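First comes the structure, then the notes that go with it.
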Amino acid sequence: MAKKKKRDFWDDVDEEVEVPAKKRGRQGKERLGEENEDDGRFHPTRNMPLKVIMRCLLFVAAVVVGLSGYICYKYIDDRYDGGYTTSYFSSKGFSEQYNATVEKVLKIIDAIEKDASLAETQEKVNSLAEGILGTNGNFSFLVQNGDKQTLYASSEDAKSRIEASNHFLRLSSADNSFTVDLGGVPTKGLNKEGWKASMDSLNNVYIIYTAVDNNLEQSGTFYDSYLKYQELTGYFNIARFAGIGGLVVFILLLIFCVMSTGMSKGTNEVRLSWFDHIFTEIAAVISFAVLGGIIFGMYYIHTHEILNNYDRYIMIGGAVLFYIVLIRCYFSLVRRIKTGRFVSDSLIYRVGHAINMGLNHLPKVLKGIIVFLFLVALNGGLVMALLYLRGFTVRDIPIVFIAAPIVFVIELIAFISLLFGGVPEADSYDDEVYDDFAEPEAEEVQDGEINPEDWENVDFSKAVKGIGEAVLPENGVDDLKGRTQENVLTPSMDKTVMLSPQETDHLRQQSGAKSDTKKDAAQQRELMNAADQAAYASMDATQILDTEAVNSALKEDDTLLDFIQLNKDVRKMFRIKLKNKSIGVTLRAPEKPIMLDIDKSNAIKVLSILFDNVEKYAEEGSRVYIEMYVQKGKMVYMMKNTIRQDLVGQVSGEMGESLKTAKKIVQSEGGKFITTVDGSTYKAGILLTAVEN
């Protein structure tokens, strides 16, 4: 019975790599991560209707949190005056209503001064008070002259009601001074300066008594204010729970929206809008300018009462618009961070990176001295400015207090560029770990899998889904022997020399090391011809090499090499060029190393040829897929990527010189090397004997 076929790596990525990026609308997109694109499963973060619903719910949650926060603020502001209160007569609302009523009493006195006939009888006083105070049955006032003789009152029983009240005050302009005596009235909402100005404008001296009944039993402004107090209490009891719940829901929805922002069905890319391509600093200035303009517009309309009673609708509309702009700017920030563009698209970072590239041409010690002196001068200047330039202010705020944090942020971003020396690497491997193929000896191998027992006759092209013989040709490839490659991440004095195999063997003999006994000298000489160097000729002087990784890979201390780690090290040699073309790499390999007993320089050469072809011919913005596994003692290495759109169809049935070299090297190591171009997809496969570990 044939063993059930393991789901092939290419089953997950066929559709993506076989569809040219330009046909997918690659413009304005960046790669991120590695998920199956059209695997038939439901992806919540890529489902547009669900995303729209979540965005709407996010807005609803924000409204709930905002209203709940406003209600809680009003409740606390109304009741907090050195300590929380539960009595209406101790609230800010009561104090504000008392203040408004006293101001109306002062207007009554001013009216009577201008027309004394208004106070001839109690009925006229009552009529005047009702006209100015409105219905206010719970409030009483009494007015006396400087000799404490009663002039008029709000009612015949006003004096007794005032004396019985626990919430009264006394205003006096006698003895050429203004005094206020309070009894059970909170001061938080009182405008004493306004009272003084009103009494100073009167012609006579007055002593004014006012009071509110202990029990609000009659209708009027104080009773209405008390009902609002009770209503706010009820709203607060709801808002404190709704606010917490809304905040939790808002955070959860925000996390989902952050995960799904920029994602769409059928892709594993982050779609960038036109705004996301603007430099970070310019985008920040635009965002703050628009948000600030909305706030200023709302404030201007409200303070100037342009639309009178319709101002509230303008405020609501402005708040909604502010939220929309704010959340859009926030998601733009998220997309920038997801794609690694937040720092790399910063103007400051670009300038810092350019300076760093210039400093890299200097000796390391000299560069360190220059950077150190610059930091000392800059930060020393900031300290001096904070000490001696605080006199220069804008609206009483020292300019240096604003400038210093900005300069510090600029310094931090520039320091990042100096520290890392280039665009942050965002195309790192996405590794998937799975168990090696381990099949019983007696089981039959199903079609599409490699049978190492008969691997000399195996249809290896079928095992990697139709790999044939056509491949993109290499043109204009020069010979390379001992060419020096500069590592721009270190000063120019630090270089990595790529030695030819002949030179490497010569050094081995000089050092007394054993030569490779697996092949005779004639076979080695046959391999090391001019075409054998083609892969390195394609690397110009700007090729970025990972010095430590390559030097480590070339060490001759070990007789075996880990092909998984070697693949990662070689990819690092090309990381900047791949990054510049937004080409990502996904590797799926076993958790444990795959050890091979082959020449390390030959292995590096083969992998360099493959990655060099990727850098030259792969579609920008696409992803390279690599799978490695061991099956019955054989290592299977498969690579797959999308060809540049302008080169699709322009392929040759023969290998180019560098690929012929790679094939010769693999064959000399006792393995197989096959490549093909299938439409817009390039595939390569290597089969070598693995060492059990």
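The values are calculated or read from the model by the stated rules, or taken from the named source; none is laboratory data. Here the structure is a predicted model, which is why all the values come from computation and not from measurement. Ideal geometry is used to build each Cβ from the backbone, glycine not excepted, and the neighbour counts take in all protein chains shown. With ligands, DNA and RNA removed, areas are computed over all heavy atoms of the protein, side chains included. Shrake-Rupley method; radii C 1.70, N 1.55, O 1.52, S 1.80 Å.
Key figures for this structure:
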quantity: Lys579 - accessible surface, heavy atoms, 1.4 Å probe, Å² rounded to 10; calculated: 40
quantity: Accessible surface of Asp646 - all protein chains present, 1.4 Å probe, nearest 10 Å²; calculated: 80
quantity: Flagged links, alpha-carbon separation over 31 Å, of Lys51/Lys228; Lys592/Lys663; Lys338/Lys683; calculated: Lys51/Lys228
quantity: Using a Förster distance of 22 Å, the FRET efficiency for Phe415-Lys364 (Cβ separation, nearest 0.05); calculated: 0.85
quantity: Solvent-accessible area, 1.4 Å probe, carbon plus sulfur percent, for region 71-203; calculated: 46
quantity: Accessible heavy-atom area order of Val270, Val60, Val285, highest first, probe of 1.4 Å; calculated: Val285, Val60, Val270
quantity: Where region 84-219 is the region considered: accessible area per residue in Å², 1.4 Å probe; calculated: 50
quantity: Ranked order, Ile108, Ile324 - accessible area, probe 1.4 Å, largest first; calculated: Ile324, Ile108
quantity: Net charge contributed by nearby residues that have their C-beta within less than 11 Å of Asn203 (K/R +1, D/E -1); calculated: -2
quantity: Within the accessible area of region 278-412 (1.4 Å probe), percent carbon and sulfur; calculated: 78
quantity: Extension reserve of the Tyr313-Ala164 stretch, reckoned as 0.36 nm per residue once the Cα distance is removed; calculated: 49.1 nm
quantity: For peptides 202-209, 113-120, 390-397, sequence by mean Cβ density within 10 Å, most packed first; calculated: 202-209, 113-120, 390-397
quantity: FRET efficiency, 1/(1 + (r/R0)^6) with R0 41 Å, evaluated for Asp200 and Asp157 via beta carbons; calculated: 0.85
quantity: Efficiency of FRET between Phe408 and Arg240 - r from beta-carbon atoms, R0 35 angstrom, step 0.05; calculated: 0.35
quantity: Heavy-atom accessible area order for Tyr349, Tyr617, largest first, 1.4 Å probe; calculated: Tyr617, Tyr349
quantity: Amide N of region 109-123 lying under 14 Å from the label point, which is placed 7 angstrom from the Cα of Gln218 along Cα→Cβ; calculated: 123
quantity: Fraction of accessible area attributable to carbon and sulfur, region 550-693 (%, probe 1.4 Å); calculated: 45
quantity: In Å², nearest 10: area of Ile251 left accessible to a 1.4 Å probe; calculated: 80
quantity: Surface per residue (accessible, 1.4 Å probe) for region 288-400, Å²; calculated: 67
quantity: Spin-label model distance (nm) - Glu305 vs Val394, 7 Å beyond Cα toward Cβ; calculated: 3.3
